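See below for the structure under consideration.
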Amino acid sequence: MADLPSSPAEILALPATGADALLTELERRVRRHAPLVALPAPPGGRALVFGDSHGDWRSTRAVVRAFEEAGDTAVLLGLGDYVDRAPADLPGGSVVNALFLLSRAAQFPDRVFLLQGNHETVRTIPCAPHHLPQELDRLWGRSPERYDRLLGLLERGPLAATSASGAYFAHAGFPRAPWPVPWSAALDRIDEERLAELVWSECDAAASRRGVVPPWGAAELGAFLAASGLSTVWRGHDPEITGRPLYDARAMTLQTTRLYARFGDLYAVLPLDRALGRVTGAELRPVPPAPRDGASD
């Protein structure tokens, strides 16, 4: 399969042999990233950043369209959790969402970055629910190998990213003190404790307590930003604080799924080539609703 699918509908229409051929093509073309990446910073460049999409490929497709329309200086950055908890009206949504995003990463290897969340690192730290295996089986028949291949592709994504504008991006959190010099060396070796800090940690403004790692708060955030020289943290993971500037406007949480629409189905547009400063809320964009006939893909 030389051509990558350009829409979720094309993925849904694949037979099992076509799905396997797509996985082979993605294994050939999807880049394997280091745990920490620096986003490109072309003049006038912008990052379109989306939060947990959890199988909601309709919300994802809207953000991808905005990325495609933004020109060749735009970057698309996902904050993890592309699978599991798919909306009821999108059976197989986790599979389609993951393959659609991986196809964009293969097509734009220098401009699409899919950070891992706790639902992509499930082979290291288990999480529940984990619907991806069952969704794959329902779409194309039982095949543990197919699951391993898809999850392996998602595991090629970074765990964190930074931008020249001063932003730090991760699914949940940042490496805890003490930090080496430079601080980025803290991500040179990822053990289970470090992984938990990045993809499982709540902030103390959120109500959830998953118990994998202690939550962080204003003091820990301020110390990390001072050590790293960065200005803001952008993350997902905690839906109930979506869209709220926190900790003196230095942290923002995004969710990009209709599953948590009551908190906001949002993405952000951030500058890449100039200082971002504090979070104002002006960076946020609502995901447009799907057409009434549900035909959007």
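The values are calculated or read from the model by the stated rules, or taken from the named source; none is laboratory data. Please read all numbers here as calculations on a predicted model, not as lab measurements. We place every Cβ from the backbone using ideal geometry, glycine too, and count neighbours over all the protein chains shown.
Overview of values
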read-out: Which numbered condition Trp57 misses (of (1) more than 20 Å from Arg235 (Cα to Cα); (2) out of contact with any strand residue (DSSP E or B) (no Cβ under 9 Å at 6 or more places or on another chain)); value: (1)
read-out: Flag for Gly44 being touching a Phe, Trp or Tyr at 6+ places or on another chain (Cβ under 7 Å), of a type in the set (Gly, Ala, Ser) and either touching a residue at least 24 places away in the same chain (Cβ under 8 Å) or under 27 Å from Ser201 (Cα atoms) (or both); value: no
read-out: Residue list for segment 22-75, restricted to those being more than 19 Å from Pro87 (Cβ to Cβ) and of a type in the set (Ser, Thr, Tyr); value: Thr24, Thr73
read-out: Scan of segment 130-186 for residues that are more than 17 Å from Leu79 (Cα to Cα) and basic (Lys, Arg), ordered by number; value: Arg138, Arg142, Arg146, Arg149, Arg176
read-out: Residue in segment 27-35 that is surrounded by fewer than 16 Cβ atoms within 10 Å (Cβ to Cβ), within 20 Å of the chain's Cα centre (by Cα), aliphatic (A, V, I, L, M) and closer than 25 Å to Ala251 by Cα present; value: yes
read-out: Residue within segment 91-106 that is at pLDDT below 95 and either out of contact with any His (no Cβ under 7 Å at 6 or more places or on another chain) or on the phi > 0 side of the Ramachandran plot (or both) present; value: yes
read-out: Selection within segment 98-126 - part of a loop (DSSP other than H, G, I, E, B) and either under 14 Å from the mean Cα position of the chain (by Cα) or touching a residue at least 40 places away in the same chain (Cβ under 8 Å) (or both); value: Pro109, Asp110, Arg111, Leu115, Gln116, Gly117, Asn118, His119, Glu120, Thr121, Thr124, Ile125
read-out: Identity of the residue in segment 1-50, outside any helix (DSSP H, G or I) and among the charged types (D, E, K, R), that ends up farthest from Ser143 (Cα to Cα); value: Arg46
read-out: Answer residue from segment 164-187, given it is touching a residue at least 24 places away in the same chain (Cβ under 8 Å), outside any loop (DSSP other than H, G, I, E, B) and aliphatic (A, V, I, L, M) and is surrounded by the most Cβ atoms within 10 Å (Cβ to Cβ) among those; value: Ala170
read-out: Meets criteria (closer than 23 Å to Thr121 by Cα, surrounded by 15 or more Cβ atoms within 10 Å (Cβ to Cβ) and among the hydrophobic types (A, V, I, L, M, F, W, C)) for Ala19; value: yes
read-out: Top-ranked residue of segment 51-70 - restricted to ones that are part of a loop (DSSP other than H, G, I, E, B) and touching a Pro at 6+ places or on another chain (Cβ under 9 Å), ranked as surrounded by the fewest Cβ atoms within 10 Å (Cβ to Cβ); value: His54
read-out: Matching residues in segment 77-95 - criterion: being within 30 Å of Ala41 (Cα to Cα) and either touching a helix residue (DSSP H, G or I) at 6+ places or on another chain (Cβ under 8 Å) or in a loop (DSSP other than H, G, I, E, B) (or both); value: Gly78, Leu79, Gly80, Asp81, Tyr82, Val83
